[in-house]
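The values are calculated or read from the model by the stated rules, or taken from the named source; none is laboratory data. A quick note: this is a predicted structure, and the numbers were derived from the prediction, not measured. In this analysis, Cβ positions are derived from the backbone assuming ideal geometry, glycine residues included, and neighbour counts consider all displayed protein chains. Accessible surface is based on the protein model in full, side chains and every heavy atom, while ligands, DNA and RNA are left aside. Shrake-Rupley method; radii C 1.70, N 1.55, O 1.52, S 1.80 Å.
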Amino acid sequence: PRHDDEVYGIVPIIATVRYDPQLVEYYKLEIGRGEQPSEWLTLGEVMTEQIEEEVIEYLHADALPDGTWILRLVLVGKDGNFINPPYAIRLNVVPEPTPES
């Protein structure tokens with residue numbers, strides 16, 4: 001998905017993740033509710049493989065309440081701290097459209 005997309009159902013998350021393996025221990029996807037989430041949930045597992053335009057996870061938007069969510073990619077350094085600010089996008093979870101009769 002892209003920033004401000006409306007999402008529903010199961011959405012593949014495609015990304016390119018490159019980093020200096022001397023500095024980064026792993027990366028992960030997190031999601032939080034609202035414009036400025038106070039809690040973050042990790043989607044899937046932590047990852048260590050660098051990727052190029054690949055599906056890294058699936059967002060099950062159908063399991064989330066409708067509304068604004070922030071999806072972010074976090075690089076975690078060897079010391080356990082974030083490397084740079086996370087890359088984040090805002091998503092709008094909406095009900096799945098129903099076929100019109």
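A few points about this structure:
- Strands (runs of 3 or more DSSP E) enclosed by the chain - at least 1 residues per element that are in contact (Cβ under 8 Å) with a residue 60 or more places away in the chain and not aromatic (Phe, Trp, Tyr): 5-7, 67-77, 87-93
- Of all residues making up the range 3-18, the number that are within 15 Å of Val76 (Cα to Cα) and touching a strand residue (DSSP E or B) at 6+ places or on another chain (Cβ under 6 Å): 1
- Subset of the range 1-46 [of a type in the set (S, T, N, Q) and open to solvent by 70 Å² or more (accessible area, probe 1.4 Å)]: Gln22, Gln36, Ser38
- Index of the failed condition, Pro85 passing every other in (1) surrounded by fewer than 11 Cβ atoms within 10 Å (Cβ to Cβ); (2) touching an Asp or Glu at 6+ places or on another chain (Cβ under 8 Å): (2)
- Checklist (1) surrounded by 13 or more Cβ atoms within 10 Å (Cβ to Cβ); (2) touching a helix residue (DSSP H, G or I) at 6+ places or on another chain (Cβ under 9 Å) applied to Glu96, failing item: (1)
- Residue match in the range 14-27 (condition: of a type in the set (Gly, Ala, Ser) and within 21 Å of Ile83 (Cβ to Cβ)): yes
- Residues of the range 63-82 satisfying the condition of being open to solvent by 40 Å² or more (accessible area, probe 1.4 Å) and in contact with a Pro (Cβ under 7 Å, 6 or more places away or on another chain): Asp66
- The condition (being out of contact with any Cys (no Cβ under 8 Å at 6 or more places or on another chain) and under 20 Å from Val11 (Cβ atoms)) is satisfied by just one residue among Val93, Val24, Val76: Val93.
- Applying the set (1) surrounded by 13 or more Cβ atoms within 10 Å (Cβ to Cβ); (2) out of contact with any Leu (no Cβ under 6 Å at 6 or more places or on another chain) to Leu91 leaves exactly one unmet item: (2).
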